[in-house]
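The values are calculated or read from the model by the stated rules, or taken from the named source; none is laboratory data. Note that the coordinates shown come from a computational prediction; the quantities given were computed from them, not determined experimentally. Methodologically, a virtual Cβ is constructed for each residue, glycine included, from the backbone with ideal geometry; neighbour enumeration extends over all protein chains shown. Ligands, DNA and RNA are excluded from the accessible area calculation, which covers all protein heavy atoms including side chains. Shrake-Rupley method; radii C 1.70, N 1.55, O 1.52, S 1.80 Å.
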Amino acid sequence: MMSLDQLPPELFKKWMHSREDRDNRKNVSVYRSSDYPFPPSRGRRGFEIKRNGEFILHEIGRTDRPIRIVGKFTVEGPDSIKVYLEDKNPFTLRIVAIEDDGQILRVERA
């Protein structure tokens with residue numbers, strides 16, 4: 001199994017989807033650190049990656065309230081993790097870029 005030390009240290013935090021930031025590459029999504037001053041929104045999706053191997057998916061519920069889905073991840077390489085969530089198919093997140101001193105994350109989901 002690959003080590004957590006292979007991943008960039010800036011990755012281990014809560015990330016929220018930034019609809020306002022666009023990436024022209026197909027399947028690449030932009031996330032910002034959760035402490036970023038986002039404009040008002042009816043809800044935002046995101047995720048949290050923890051050093052203990054826990055992955056928390058933040059979804060938008062039916063009443064616009066956040067829903068937390070807790071799972072785990074394994075390291076697939078220096079730029080990718082495999083995520084396992086209950087009642088969902090596993091998926092891979094590939095880190096395309098971490099920018100702005102670790103405040104912007106660009107990922108591709110496969």
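Of (1) within 11 Å of the chain's Cα centre (by Cα); (2) among the basic types (Lys, Arg); (3) modelled with pLDDT under 95; (4) closer than 16 Å to Lys13 by Cβ, Arg109 satisfies all except one. Which?
Exception for Arg109: condition (4).
One line per residue, one yes/no per condition, for (1) out of contact with any helix residue (DSSP H, G or I) (no Cβ under 7 Å at 6 or more places or on another chain); (2) open to solvent by 20 Å² or more (accessible area, probe 1.4 Å); (3) at positive phi:
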position: Phe12; (1), (2), (3): yes, yes, no
position: Ile60; (1), (2), (3): yes, yes, no
position: Thr63; (1), (2), (3): yes, yes, no
position: Pro78; (1), (2), (3): no, yes, no
position: Val83; (1), (2), (3): yes, no, no
position: Arg106; (1), (2), (3): yes, yes, no
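Out of (1) open to solvent by 50 Å² or more (accessible area, probe 1.4 Å); (2) more than 23 Å from Pro8 (Cβ to Cβ), the odd one out for Arg51 is which?
Failed condition: (2).
How many residues, within segment 30-45, are of a type in the set (Lys, Arg), over 13 Å from Glu10 (Cβ atoms) and in contact (Cβ under 8 Å) with a residue 60 or more places away in the chain? Show your work before the answer.
Pass one, segment 30-45, residues of a type in the set (Lys, Arg): 32, 42, 44-45.
Keeping just the survivors that are over 13 Å from Glu10 (Cβ atoms) gives 42, 44-45.
Still in the list and also in contact (Cβ under 8 Å) with a residue 60 or more places away in the chain: none.
Selection size over segment 30-45: 0.
Collect the residues in segment 20-29 that are surrounded by fewer than 18 Cβ atoms within 10 Å (Cβ to Cβ) and touching a residue at least 24 places away in the same chain (Cβ under 8 Å), keeping them in residue-number order.
Hits for segment 20-29 are Asp21, Asp23, Arg25, Asn27, Val28.
Quick check on this structure: which one of Val70, Val75 is assigned to a strand (DSSP E or B), of a type in the set (A, V, I, L, M, F, W, C) and touching a residue at least 24 places away in the same chain (Cβ under 8 Å)? Full working, then the answer.
Numbers: Val70 fails: touching a residue at least 24 places away in the same chain (Cβ under 8 Å).
Result: Val75 is the single residue among Val70, Val75 that is assigned to a strand (DSSP E or B), of a type in the set (A, V, I, L, M, F, W, C) and touching a residue at least 24 places away in the same chain (Cβ under 8 Å).
Rundown of residues vs (1) farther than 20 Å from Ile69 by Cα; (2) among the charged types (D, E, K, R); (3) over 10 Å from the mean Cα position of the chain (by Cα), yes/no style:
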| position | (1), (2), (3) |
| --- | --- |
| Ser18 | no, no, yes |
| Arg32 | no, yes, no |
| Phe38 | yes, no, yes |
| Arg44 | no, yes, yes |
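For segment 86-104, enumerate the residues that are touching a strand residue (DSSP E or B) at 6+ places or on another chain (Cβ under 9 Å) and either surrounded by 17 or more Cβ atoms within 10 Å (Cβ to Cβ) or outside any strand (DSSP E or B) (or both). Break it down into steps so the answer makes sense when it comes.
Narrowing segment 86-104 to residues touching a strand residue (DSSP E or B) at 6+ places or on another chain (Cβ under 9 Å): 86-88, 90-100, 102-104.
Of everything in segment 86-104, those that are touching a strand residue (DSSP E or B) at 6+ places or on another chain (Cβ under 9 Å) and either surrounded by 17 or more Cβ atoms within 10 Å (Cβ to Cβ) or outside any strand (DSSP E or B) (or both) turn out to be Glu86, Asp87, Lys88, Pro90, Leu93, Ile95, Val96, Ile98, Asp100, Gly102, Gln103, Ile104.
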